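Asks: Can you read through this structure? Questions will come right after.
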Amino acid sequence: SEDCGGHRETISMHPAYAKSPGTVFCDYLVALPAQTPIAFTAAVALHHGGETDKMRSDGILYRVSVADAAQPDRFVPVFEEFTDARHWKDVHASLDAYAGRTVLLRIECHPGPKWNTGFDSGHWAEPSVAAGHPPAVFRGPPAPADTAAASADAKAILEGRLAADGRTNFLLAG
């Protein structure tokens, strides 16, 4: 969805409304590794249908719950947040307590506090489960004091006059 501040692949959910307001959810059977840390990550946002819609929605409660696959009726919430935000909000839930087990992972959307489901189309962007420590991420160009030297090194590497040593990242601007 692009309407929440940039394109992301999403799972869209709208709480039930036909007979009475209610919850909508999606379950995934996941075999978690024994390695920790383990985390569920995603981003959530309410569908942006224009400012008139914003005045009508009372928001959505987003929840992530986990149940041991052997006891699929005993879900435990690991993340819960109510929001009416129209921009992406990051979600992070630790799954360390379930390391080495097969679980049901449930993502849910609930109506807002007034149980008004009007315009309550919620997005879960790029939900994923990851284990272990992620590699360090390059967060920007070199500090200004190093810019001239870094630019010279980058040019030399591109021209084949210097071998890349794997220790320096370069931001290539067009």
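Asks: Output the qualifying pairs, or none if there are none: Cβ atoms under 9 angstrom, residues six or more apart or on different chains, first residue in region 60-81 and free of Cβ contacts under 8 Å to residues at least 40 places away in the same chain, second residue aromatic (Phe, Trp, Tyr) and in a strand (DSSP E or B).
Replies: Correct list of pairs: 78/40; 79/40; 79/62; 80/62; 81/62.
Asks: Shifting gears a bit: Among 59, 49, which is modelled with pLDDT under 75 and under 11 Å from residue 121 (Cα atoms)?
Replies: Working: 59 fails: modelled with pLDDT under 75.
Testing whether each residue is modelled with pLDDT under 75 and under 11 Å from residue 121 (Cα atoms) leaves just 49.
Asks: Now a separate question. Consider residue 113 against the criteria (1) over 18 Å from residue 20 (Cβ atoms); (2) part of a loop (DSSP other than H, G, I, E, B): it satisfies all of them except one. Which criterion is unmet?
Replies: Unmet condition: (1).
Asks: Further question: Residue by residue through region 5-34, note down the ones that are open to solvent by 70 Å² or more (accessible area, probe 1.4 Å), at pLDDT 90 or above and assigned to a loop (DSSP other than H, G, I, E, B).
Replies: 34
Asks: State whether the residues of region 158-168 include one that is under 30 Å from residue 27 (Cα atoms), modelled with pLDDT of 65 or more and either in a helix (DSSP H, G or I) or not β-branched (Val, Ile, Thr) (or both). Working first, answer last.
Replies: Pass one, region 158-168, residues under 30 Å from residue 27 (Cα atoms): none.
Checking region 158-168: not a single residue is under 30 Å from residue 27 (Cα atoms), modelled with pLDDT of 65 or more and either in a helix (DSSP H, G or I) or not β-branched (Val, Ile, Thr) (or both).
The values are calculated or read from the model by the stated rules, or taken from the named source; none is laboratory data. All figures in this text were calculated on a predicted structure; none of them were measured in a lab. Counting neighbours? That spans all protein chains shown, and the Cβs are built from the backbone with ideal geometry, glycine included. Areas reflect the complete protein model, heavy atoms only, side chains present, ligands, DNA and RNA absent. Shrake-Rupley method; radii C 1.70, N 1.55, O 1.52, S 1.80 Å.
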